[in-house]
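The values are calculated or read from the model by the stated rules, or taken from the named source; none is laboratory data. Fair warning: this is a prediction, and the values are worked out from it, not measured in the lab. Cβ placement follows ideal geometry from the backbone for every residue including glycine, while neighbour counts extend to all protein chains displayed.
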Amino acid sequence: MSFIKDFKAFATKGNVVDLAVAVIIGAAFTAIVSSLVTDIITPLILAPVLDKLGLKDIAELKWGAVTYGKFLAAVINFLVIAFVIFLMVRAISKLQKKQEEAAPPAPSSTDQLLAEIRDELRKK
(Lines give C-alpha, C1' and ligand atoms only; values in the text may rest on other atoms or scores of the structure.)
Protein backbone atom coordinates (compact mmCIF):
# COMPACT_ATOMS: atom_id res chain seq x y z
CA MET A 1 0.00 0.00 0.00
CA SER A 2 2.91 2.40 0.43
CA PHE A 3 3.41 2.51 -3.36
CA ILE A 4 -0.17 3.74 -3.84
CA LYS A 5 0.19 6.27 -1.02
CA ASP A 6 3.46 7.53 -2.52
CA PHE A 7 1.89 7.85 -5.95
CA LYS A 8 -1.13 9.66 -4.53
CA ALA A 9 1.14 12.10 -2.68
CA PHE A 10 3.15 12.68 -5.86
CA ALA A 11 0.12 13.13 -8.12
CA THR A 12 -1.63 15.57 -5.81
CA LYS A 13 1.35 17.86 -5.30
CA GLY A 14 0.80 21.37 -6.56
CA ASN A 15 3.77 21.20 -8.94
CA VAL A 16 2.42 18.16 -10.77
CA VAL A 17 -1.01 19.72 -11.18
CA ASP A 18 0.54 22.99 -12.35
CA LEU A 19 2.65 21.09 -14.87
CA ALA A 20 -0.39 19.23 -16.19
CA VAL A 21 -2.29 22.49 -16.63
CA ALA A 22 0.71 24.04 -18.39
CA VAL A 23 0.98 21.12 -20.81
CA ILE A 24 -2.72 21.31 -21.68
CA ILE A 25 -2.61 25.07 -22.17
CA GLY A 26 0.60 24.71 -24.18
CA ALA A 27 -1.04 22.21 -26.53
CA ALA A 28 -3.99 24.54 -27.05
CA PHE A 29 -1.65 27.49 -27.56
CA THR A 30 0.35 25.49 -30.14
CA ALA A 31 -2.84 24.84 -32.10
CA ILE A 32 -3.65 28.56 -32.06
CA VAL A 33 -0.16 29.54 -33.21
CA SER A 34 -0.15 26.88 -35.93
CA SER A 35 -3.43 28.26 -37.21
CA LEU A 36 -2.03 31.79 -37.04
CA VAL A 37 0.96 30.80 -39.16
CA THR A 38 -0.98 28.61 -41.59
CA ASP A 39 -4.07 30.76 -42.02
CA ILE A 40 -2.80 34.33 -41.52
CA ILE A 41 0.97 34.75 -41.72
CA THR A 42 1.57 32.43 -44.66
CA PRO A 43 -1.18 33.89 -46.87
CA LEU A 44 -0.38 37.52 -46.01
CA ILE A 45 3.39 37.54 -45.89
CA LEU A 46 4.45 34.53 -47.92
CA ALA A 47 1.69 34.66 -50.55
CA PRO A 48 3.68 36.88 -52.96
CA VAL A 49 6.69 34.56 -52.72
CA LEU A 50 4.56 31.46 -53.15
CA ASP A 51 2.76 33.03 -56.12
CA LYS A 52 6.09 33.82 -57.80
CA LEU A 53 7.13 30.22 -57.32
CA GLY A 54 3.76 28.96 -58.56
CA LEU A 55 2.88 27.23 -55.29
CA LYS A 56 -0.34 27.21 -53.30
CA ASP A 57 1.01 25.98 -49.97
CA ILE A 58 4.26 26.44 -48.09
CA ALA A 59 4.51 22.65 -47.72
CA GLU A 60 5.14 22.40 -51.48
CA LEU A 61 8.44 24.31 -51.32
CA LYS A 62 11.22 22.18 -52.79
CA TRP A 63 14.88 22.52 -53.49
CA GLY A 64 15.77 19.80 -55.90
CA ALA A 65 14.40 16.58 -54.50
CA VAL A 66 14.18 17.96 -50.94
CA THR A 67 10.85 19.32 -49.72
CA TYR A 68 11.55 21.87 -47.01
CA GLY A 69 8.24 23.74 -46.82
CA LYS A 70 6.95 21.88 -43.76
CA PHE A 71 10.25 22.51 -42.01
CA LEU A 72 10.03 26.21 -42.83
CA ALA A 73 6.47 26.31 -41.46
CA ALA A 74 7.67 24.59 -38.26
CA VAL A 75 10.47 27.16 -37.89
CA ILE A 76 7.97 30.00 -38.32
CA ASN A 77 5.68 28.35 -35.73
CA PHE A 78 8.59 28.10 -33.30
CA LEU A 79 9.60 31.72 -33.79
CA VAL A 80 6.04 32.97 -33.25
CA ILE A 81 5.59 30.82 -30.14
CA ALA A 82 8.97 31.89 -28.75
CA PHE A 83 8.18 35.57 -29.38
CA VAL A 84 4.77 35.37 -27.71
CA ILE A 85 6.20 33.51 -24.71
CA PHE A 86 8.96 36.13 -24.48
CA LEU A 87 6.35 38.89 -24.40
CA MET A 88 4.34 37.05 -21.73
CA VAL A 89 7.38 36.40 -19.52
CA ARG A 90 8.49 40.01 -19.93
CA ALA A 91 5.04 41.31 -18.92
CA ILE A 92 4.88 38.98 -15.92
CA SER A 93 8.37 40.06 -14.83
CA LYS A 94 7.33 43.71 -14.97
CA LEU A 95 4.21 42.99 -12.91
CA GLN A 96 6.22 41.08 -10.31
CA LYS A 97 8.79 43.87 -10.14
CA LYS A 98 6.02 46.43 -9.55
CA GLN A 99 4.52 44.27 -6.80
CA GLU A 100 7.92 43.87 -5.12
CA GLU A 101 8.51 47.61 -5.26
CA ALA A 102 5.04 48.38 -3.91
CA ALA A 103 5.29 46.07 -0.91
CA PRO A 104 7.22 47.64 1.96
CA PRO A 105 9.86 45.42 3.49
CA ALA A 106 8.81 43.53 6.59
CA PRO A 107 10.43 44.67 9.83
CA SER A 108 13.39 42.62 10.97
CA SER A 109 13.07 40.26 13.92
CA THR A 110 14.98 42.76 16.08
CA ASP A 111 12.54 45.53 15.16
CA GLN A 112 9.59 43.25 15.92
CA LEU A 113 11.05 42.34 19.30
CA LEU A 114 11.66 45.98 20.16
CA ALA A 115 8.10 46.87 19.14
CA GLU A 116 6.74 44.12 21.40
CA ILE A 117 8.87 45.37 24.32
CA ARG A 118 7.66 48.93 23.68
CA ASP A 119 4.03 47.80 23.62
CA GLU A 120 4.47 45.87 26.89
CA LEU A 121 6.06 48.89 28.57
CA ARG A 122 3.17 51.09 27.42
CA LYS A 123 0.69 48.70 29.00
CA LYS A 124 2.33 49.12 32.42
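Is one or more of the residues making up the range 61-69 modelled with pLDDT under 85 and over 30 Å from Ser35 (Cα atoms)? Looking through the range 61-69, none of the residues is modelled with pLDDT under 85 and over 30 Å from Ser35 (Cα atoms).
Looking at the range 80-87, is at least one residue more than 23 Å from the chain's Cα centre (by Cα), at pLDDT 80 or above and aromatic (Phe, Trp, Tyr)? No, the conditions are met nowhere in the range 80-87. Kindly evaluate Ile40 against the criterion of being at pLDDT 80 or above and under 21 Å from the mean Cα position of the chain (by Cα). So Ile40 does not fit the description; no. In the set (1) surrounded by fewer than 10 Cβ atoms within 10 Å (Cβ to Cβ); (2) among the aliphatic types (A, V, I, L, M); (3) modelled with pLDDT of 80 or more, the condition left unmet by Ala106 is number (3). Of all residues in the range 51-60, those satisfying the criterion of being farther than 20 Å from Val80 by Cα and either within 31 Å of the chain's Cα centre (by Cα) or in a helix (DSSP H, G or I) (or both) are Asp51, Lys52, Leu53, Glu60. Of all residues in the range 12-33, none are at pLDDT below 80 and among the aromatic types (Phe, Trp, Tyr).
Yes or no, residue by residue, for (1) of a type in the set (Phe, Trp, Tyr); (2) closer than 30 Å to Ile25 by Cα; (3) loosely packed, with under 10 Cβ neighbours inside 10 Å:
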| site | (1), (2), (3) |
| --- | --- |
| Ile45 | no, yes, no |
| Leu53 | no, no, no |
| Thr110 | no, no, yes |
| Glu120 | no, no, yes |
